[in-house]
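Structure record follows, encoded as structure tokens.
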């Protein structure tokens, strides 16, 4: 049985979410088993995050149960259910990073930006999240910003990276 819902009749709480933009992807992968992650990646690329009503729409259009869609989104750290800042900071809290001082770095980042876990700065420039592991143990402690890893961090070094990004520079 095929879903009769369309992007034109579906209401979204965020006016920036235009489901019609996702239609080509949904049509390309219609009925293709194992394509949920690809669809979710495309949706996040289009909208910057995956709001709950968009996830419900994707579930309906793909025939994947909503609980499974949400399970995939919450399992993989690449997916966001809230709009992120321009610079997405992911701080590793894995064993190597923890042992090497990630708690001090976390506190320095939070103090410098004035945000908590999962929050976005008032200017929309930064969002901050802890992650279980970035897979860069030899660089511990490490954070990733917009896909670039910054390793062997100290609290001061982490803050310097943030300051350079805030000024529009490319931290080295």
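Observations on the structure shown:
- The range 1-29 - residue that is modelled with pLDDT of 85 or more and in contact with a helix residue (DSSP H, G or I) (Cβ under 8 Å, 6 or more places away or on another chain) and, of those, farthest from residue 84 (Cα to Cα): 29
- Considering the range 97-125, the residues that are surrounded by fewer than 12 Cβ atoms within 10 Å (Cβ to Cβ) and touching a strand residue (DSSP E or B) at 6+ places or on another chain (Cβ under 9 Å) include one that is farthest from residue 49 (Cα to Cα), namely 116.
- Here residue 94 meets each of (1) out of contact with any strand residue (DSSP E or B) (no Cβ under 7 Å at 6 or more places or on another chain); (2) under 28 Å from residue 39 (Cβ atoms); (3) surrounded by 17 or more Cβ atoms within 10 Å (Cβ to Cβ) with one exception, condition (2).
- Restricting 108, 84, 103, 132 to residues that are in contact (Cβ under 8 Å) with a residue 24 or more places away in the chain and over 30 Å from residue 46 (Cβ atoms) narrows the list to 108.
- Some residue of the range 90-101 being under 22 Å from residue 115 (Cβ atoms), part of a helix (DSSP H, G or I) and not assigned by TED's automatic domain parsing to the domain that holds residue 23: yes
- Residue within the range 42-53 that is assigned by TED's automatic domain parsing to the domain that holds residue 157, more than 22 Å from residue 135 (Cβ to Cβ) and in contact (Cβ under 8 Å) with a residue 24 or more places away in the chain present: no
Residue by residue, here is whether (1) under 19 Å from residue 17 (Cβ atoms); (2) at pLDDT 90 or above; (3) within 14 Å of the chain's Cα centre (by Cα) holds:
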residue	(1), (2), (3)
45	yes, yes, yes
48	yes, no, yes
54	yes, yes, no
57	yes, yes, no
61	yes, yes, no
69	yes, yes, no
76	no, no, yes
82	yes, no, yes
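The values are calculated or read from the model by the stated rules, or taken from the named source; none is laboratory data. This is a predicted model, so every value here is computed, not measured. Positions of Cβ are generated from backbone atoms using ideal geometry, with glycine treated the same way; all protein chains shown enter the neighbour counts.
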